[in-house]
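S.K.: Quick one: the structure is below, questions incoming.
The values are calculated or read from the model by the stated rules, or taken from the named source; none is laboratory data. Computed from a prediction, not measured in an experiment: that's the story for all the values here. Positions of Cβ are generated from backbone atoms using ideal geometry, with glycine treated the same way; all protein chains shown enter the neighbour counts.
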Amino acid sequence: MNGIILFAVAAFLLMTFRLVTVVRMKNAPRGNKRMAWLLYGIGIGALAGAVLVLINSVPV
């Protein structure tokens with residue numbers, strides 16, 4: 001179970017780093033920033049769902 005949480009934290013940090021990288025670009029088009037936010041939201045939702053499923057399916 002610790003491995004699942006460790007992986008989830010690492011994935012969250014990587015996705016957040018990528019989002020911040022795109023949002024901080026001065027010359028990035030507005031559409032790219034919106035797409036980055038959309039993909040970030042979908043990714044976080046999918047990650048949370050996967051963690052919930054994995055934690056509930058792993059025996060204690």
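S.K.: How many residues does region 11-60 contain that are over 30 Å from residue 1 (Cβ atoms) and of a type in the set (Phe, Trp, Tyr)?
M.R.: 1
S.K.: Follow-up question, since we're still on this one. I need the full set of residues from region 1-11 which are surrounded by 10 or more Cβ atoms within 10 Å (Cβ to Cβ) and in a helix (DSSP H, G or I), in order please.
M.R.: Hits for region 1-11 are 4, 5, 6, 7, 8, 9, 10, 11.
S.K.: Name the pairs whose Cβ atoms lie under 9 Å apart, with the first residue in region 40-60 and more than 19 Å from residue 19 (Cβ to Cβ), the second surrounded by fewer than 12 Cβ atoms within 10 Å (Cβ to Cβ), and 6 or more positions between them or separate chains?
M.R.: Cβ pairs passing all conditions: 54/1; 55/1; 58/1; 60/1.
Listed here are the residues, each with its yes/no results for (1) part of a helix (DSSP H, G or I); (2) at pLDDT 95 or above; (3) surrounded by 10 or more Cβ atoms within 10 Å (Cβ to Cβ).
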residue	(1), (2), (3)
13	yes, yes, yes
16	yes, yes, yes
23	yes, no, yes
28	no, no, yes
35	yes, yes, yes
38	yes, yes, yes
44	yes, yes, yes
48	yes, yes, yes
54	yes, no, yes
